[in-house]
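Step one of this worksheet: look at the structure below.
The values are calculated or read from the model by the stated rules, or taken from the named source; none is laboratory data. Because the structure is a prediction, the values reported are computed rather than measured. So basically every Cβ, Gly included, is an ideal-geometry build from the backbone, and we count neighbours across all protein chains shown.
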Amino acid sequence: MKKLLALLFSFFLLSSHSVFAEDLSDFQIEGMSIGDSLLDYMSEDEILSVIERTKNNYDWLNEPNKYSEVYMWEEFPTYDNISFFIKNNLTNQYVTNKNEKYTILFIRGMVYYIEDFDSCIEKRNEIVKIFSGMFPNATKKEDMFKHSADSSGRSIIDAVYFYFDSGGDAEVYCSNYEETFRIKNNYSEGLSVVITSEDINKWFEER
């Protein structure tokens, strides 16, 4: 219950200017925003070490290595882990400014609900009510779909999106993976709260 209260309370602090602002850079997850440099939160060696472990995570996309995924496993007040997408360094060598090279384009905070999909959906719906009040001018969409990487068709994502005029969005969703697939890929499942830039949205659509 303590973690849930912290999770819900944190959403009132997502915007440093107004709970009705719709500039993605205003929204924060654990104090981190789209457009920040990941170097403000991790060292370059730490970033590159994680990228080496995640480099094959998106093989089903047309350009699986266009962006790199980075995880932070720390003691966060609200989330069990936080992940990011940045441009892939191997395709971004021409950028000499490190802060620009490591610009955050996507942030996801995750709370684990392993084999407890119903509880995850219950908490997600509570958060969606809060988001609906925070983002009254955003276009809201609900979607449930099969995860592209699981050929069995038994891995499900149940999501609610809030789309902004900027092309980015905020997402709240529950993942429920087929258990053999989850264990094989060492995936975690549960509640995700996401801030996504337009660039990452377009990349995910290129399948």
Please count how many residues of the stretch 58-68 are within 15 Å of the chain's Cα centre (by Cα) and either surrounded by fewer than 16 Cβ atoms within 10 Å (Cβ to Cβ) or closer than 20 Å to G31 by Cβ (or both). 0
Would you mind telling me which numbered condition in (1) part of a loop (DSSP other than H, G, I, E, B); (2) touching a strand residue (DSSP E or B) at 6+ places or on another chain (Cβ under 7 Å); (3) touching a residue at least 24 places away in the same chain (Cβ under 8 Å) P77 fails? (2)
Would you pick out the residues in the stretch 1-55 that are among the β-branched types (V, I, T) and modelled with pLDDT under 50? V19
Kindly indicate which of I127, I156 is at pLDDT 90 or above, under 18 Å from the mean Cα position of the chain (by Cα) and within 21 Å of S188 (Cβ to Cβ). I127
Looking at E69 and the list (1) modelled with pLDDT of 90 or more; (2) assigned to a helix (DSSP H, G or I); (3) among the charged types (D, E, K, R), which single condition is not satisfied? (2)
Could you tell me how many of the residues in the stretch 152-198 are surrounded by fewer than 21 Cβ atoms within 10 Å (Cβ to Cβ) and in a loop (DSSP other than H, G, I, E, B)? 11
The condition from (1) in contact with a Ser or Thr (Cβ under 8 Å, 6 or more places away or on another chain); (2) assigned to a strand (DSSP E or B) that A149 misses is numbered (2)
Of the residues in the stretch 42-74, those that are aromatic (F, W, Y) and touching a residue at least 40 places away in the same chain (Cβ under 8 Å) number 2
